[in-house]
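The structure under discussion appears below in the form of structure tokens.
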């Protein structure tokens, strides 16, 4: 026997049974063994080998593609689980995606065995169940409805909101109820209607006409007249000379407490010349009381008859008196001198 292949430990014991028999017994706890081989199964320091395949080592367990059966359900977090448990867990972890009321679902298989799900919004969707409140969107016609009062047409730009109609094509808004205008009763921020604008325009027109017709009244010392606003009033003089021939330094205007504009002339006129043009007066006469109350007038005439001895055509001022019978006589003056006459000359 090769003693090097034997253990030094007490793995065997010899026991007498009392009948002169000795029995060799193997220790229940073997010590100092290098390996134990039972058929194809070998247990040594490296692990457990069955049929040449190592299943258990100090690094762990290797089933070598063998099915492990009769595994109880794992309980603790580090317990192994069996296939039944895996199936239950997989069923619970599966996500099922189905078409919704407003959606359609499509799936796509991936190379790793997983699936990609596409959730698509339908062309026509409806939110809510109450027809008076629900919102519907038609992606094929471009129409949006909100309840039973509002409709938006994306193709025409028209919006119907109760009584209010917005025409996107024509750019008009109809259905507004504020058609009258009261400046003392307004709604701040509310859009005005053409009816209100027309009422305001008419009021402005009426007021304008009233103001125009009210105009202004003009009056002088004599006469007065009325002019509407916008009409021309001409202040006209009778002078016909050039403007350089006139001066306003002798004229001044004053406004009195009665609303009159008074034109006054300077008491001391400043002017280059004054021309007074009047009609010729009558010839002067001197009355002489004759006897018996007979009245005789002596008049002075500017143009007398040509003097006998004077140059022809000269003008001499004469004293003329009128006789009671109406005839007139000229009174001689010293300038007449003496007049002599002969048979001739």
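The values are calculated or read from the model by the stated rules, or taken from the named source; none is laboratory data. As the structure is a prediction and not an experimental result, all values here were calculated from the model. Note: ideal-geometry Cβ built from the backbone for every residue, glycine included; neighbour counts use all protein chains shown.
Can you pull out every residue in segment 1-24 that is surrounded by 10 or more Cβ atoms within 10 Å (Cβ to Cβ) and in contact with a strand residue (DSSP E or B) (Cβ under 8 Å, 6 or more places away or on another chain)?
11, 12, 13, 15
Using the structure shown, decide if residue 199 is under 44 Å from the mean Cα position of the chain (by Cα) and modelled with pLDDT under 90. Walk me through it before giving the result.
On the way: under 44 Å from the mean Cα position of the chain (by Cα): yes; modelled with pLDDT under 90: no.
Considered against the rule, which asks whether it is under 44 Å from the mean Cα position of the chain (by Cα) and modelled with pLDDT under 90, residue 199 comes out as no.
Does segment 103-116 include one or more residues that are at pLDDT below 90, surrounded by 14 or more Cβ atoms within 10 Å (Cβ to Cβ) and either within 37 Å of the chain's Cα centre (by Cα) or not in a loop (DSSP other than H, G, I, E, B) (or both)?
Among the residues of segment 103-116, not one is at pLDDT below 90, surrounded by 14 or more Cβ atoms within 10 Å (Cβ to Cβ) and either within 37 Å of the chain's Cα centre (by Cα) or not in a loop (DSSP other than H, G, I, E, B) (or both), which makes the answer no.
Answer with yes or no whether residue 42 is in a strand (DSSP E or B) and closer than 18 Å to residue 66 by Cβ.
Here the answer is yes, as residue 42 does meet what is asked.
I need a count of the residues in segment 176-191 that are farther than 21 Å from residue 161 by Cα and surrounded by 10 or more Cβ atoms within 10 Å (Cβ to Cβ).
From segment 176-191, those farther than 21 Å from residue 161 by Cα are 180-186; that's our starting set.
From what is left, the residues that are surrounded by 10 or more Cβ atoms within 10 Å (Cβ to Cβ) are 180-181, 186.
Result for segment 176-191: 3.
Please verify whether segment 271-278 includes one or more residues that are surrounded by fewer than 10 Cβ atoms within 10 Å (Cβ to Cβ), at pLDDT 85 or above and in a loop (DSSP other than H, G, I, E, B). Can you show your working first?
Kept after step one, since they are surrounded by fewer than 10 Cβ atoms within 10 Å (Cβ to Cβ), are these residues of segment 271-278: 271-278.
Cutting the leftovers down to at pLDDT 85 or above gives us none.
Checked segment 271-278: no residue is surrounded by fewer than 10 Cβ atoms within 10 Å (Cβ to Cβ), at pLDDT 85 or above and in a loop (DSSP other than H, G, I, E, B).
Considering segment 69-85 alone, what residues qualify as being surrounded by fewer than 10 Cβ atoms within 10 Å (Cβ to Cβ) and under 22 Å from residue 48 (Cα atoms)?
As a first pass, look at segment 69-85 and keep what is surrounded by fewer than 10 Cβ atoms within 10 Å (Cβ to Cβ): 69-70, 75-78.
Answer for segment 69-85, where residues must be surrounded by fewer than 10 Cβ atoms within 10 Å (Cβ to Cβ) and under 22 Å from residue 48 (Cα atoms): 69, 70.
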